[in-house]
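Novice: One structure, pasted below without further comment.
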Amino acid sequence: MIVGFIGLGTMGAPMARNILKKGHQVVVADVQQSAVSALVSLGATAATTPSQVAAASEIMITMLPDAPDVERVALGIGGVVEGIRSGAVYIDMSTIDPETTRKVGAAIAKKGAAMIDCPVGKTADAAVAGTLTLMAGGSAEVIARCRPVLDCMGTDFFHCGELGAGQTMKLTNNLLATAIMEASIEALVTGTKAGLTLDTMMSVLRTTMAWNNALAISMPKRPLVGDFAPGFMMKLAHKDCRLALKMVEGLGILAPVGRAALASLEEGLLRGLADDDVGALLKLREDAAGVQVRLAKP
């Protein structure tokens, strides 16, 4: 297929590369020309505007930071809606709010095209490996048409419901994941301050209901070895939790733990950790406690 891709950042660039590797033609655009040049060197074709990308594509993908970016790229002058062909499909793989997704979807439908939302789970490493979790919302028939492209980027696929349901699932997931990580960090810092070893805590927690994938996978890979390079930047985690809480509280649900998780992320942004991995929340608790929690180096 001819696939358009806009948004060649930490996640988007490897996702576009994986589509190329599977033999599809890819047309790209990004505000960073160096990102475009890197994909062109691998065989992609460059375009200058979203409308040009859309006009050239059977399937058009965006992977952008936030809802205003999606609205601008999709609905603005020279945007996706302006150029998209009748019968084409627009896939937004950004993490935004379901309301914006449905607003853009209505504009796409007026052009005789279709839209699905398909935000992704896991980290930049999974984007490189092509093993992302894909959470799709939209028509089953349209999603089926897109699977040959979606399967280039991920290995765990879930059709969550109608348009916007993918975003609902992603926001729900990220709010929970952040709360679990913050709680796990607090526990490990507390135990260390009280005299427990990290090895003892991990061994015991592994056998109880406290065990989770933050402790099992993400924390040993990055923060617990002192690596705070961005796999998932704290500013993006903050955006996701902010959107999630807007959705949660709009449904009339109280979310005190979610609010506490967002407050921790806000603290991290104020401390200058916006571009660090979300695991840099560990730095905040370590600094306040005067301890350091690290796995022993091999």
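The values are calculated or read from the model by the stated rules, or taken from the named source; none is laboratory data. Computed from a predicted model, the values in this text were never measured in an experiment. Ideal geometry is used to build each Cβ from the backbone, glycine not excepted, and the neighbour counts take in all protein chains shown. Heads up: the accessible areas ignore ligands, DNA and RNA and are worked out on the full protein's heavy atoms, side chains in. Shrake-Rupley method; radii C 1.70, N 1.55, O 1.52, S 1.80 Å.
Novice: Student exercise: in the chain, how many lysine pairs 8 or more apart or on different chains have Cα atoms under 23 Å apart?
Specialist: Within the chain, the lysine pair count is 26.
Novice: With label points built 7 Å along Cα→Cβ from the Cα atoms of residue 31 and residue 204, find their separation and express it in nm.
Specialist: Once both label points are built, they end up 4.8 nm from each other.
Novice: Enumerate the calculated ³J(HN,Hα) couplings along segment 44-55 in order (Karplus 6.51 cos²θ - 1.76 cosθ + 1.60, θ = phi - 60°), each rounded to whole Hz, writing x wherever the residue is Gly or Pro.
Specialist: My calculation for segment 44-55 gives 6, 10, 8, 10, 9, 9, x, 5, 5, 4, 5, 5 Hz in order.
Novice: Consider a paramagnetic label point 7 Å from the Cα of residue 260 along Cα→Cβ; state which residues of segment 160-198 have an amide N under 14 Å from it.
Specialist: 176, 178-188, 190
Novice: Work out, step by step, the length gained on full extension between residue 40 and residue 288: first 0.36 nm times the residue separation, then minus their alpha carbon distance; give nm to one decimal.
Specialist: This chain segment gains 84.6 nm when fully extended.
Novice: Can you work out the accessible area per residue across segment 1-40, with the rest of the protein chains kept in place, probe 1.4 Å, in square angstrom? All intermediate terms of the calculation are to be shown ahead of the outcome.
Specialist: Details: 1660 Å² over 40 residues.
For segment 1-40, the solvent-accessible area averages 42 Å² per residue.
Novice: Residues with amide H under 5 Å of residue 5's amide H, sequence separation 5 or more or different chain, H placed in the peptide plane at 1.01 Å from N; which?
Specialist: Result for residue 5 returns 27, 28, 29, 61.
Novice: Please report the antiparallel percentage of DSSP beta bridges with both residues in the chain, rounded to the nearest 5.
Specialist: Working: 4 of 29 bridges.
That works out to approximately 15 percent antiparallel.
Novice: What are the chymotrypsin sites (Phe, Trp or Tyr not before Pro) within segment 204-242 that DSSP puts in a loop, where the Cβ has at most 16 other Cβ atoms within 10 Å? Each step should come with its number before you reach the end.
Specialist: On the way: sites: 211, 228, 232; in loops: 211, 228, 232.
Here the chymotrypsin sites (Phe, Trp or Tyr not before Pro) that fit, given the DSSP loop and packing criteria, are 211.
Novice: Follow-up question, since we're still on this one. Determine the distance separating the Cα centre of segment 248-298 from the Cα centre of segment 131-176; give it in Å without decimals.
Specialist: Between the Cα centre of segment 248-298 and that of segment 131-176, the gap is 27 Å.
Novice: Suppose the chain between residue 86 and residue 144 were pulled fully straight at 0.36 nm per residue; how much longer would it get relative to their current alpha carbon spacing?
Specialist: On the way: separation 58, 0.36 × 58 = 20.88 nm, distance 1.78 nm.
Additional length available on full extension: 19.1 nm.
Novice: What number do you get for the chain when its Cα radius of gyration is normalised by 2.2 N^0.38 Å, N = residues?
Specialist: Numbers: Rg = 20.2 Å, N = 298, 2.2 N^0.38 = 19.2 Å.
Scaled against compact globular proteins, the figure is 1.05.
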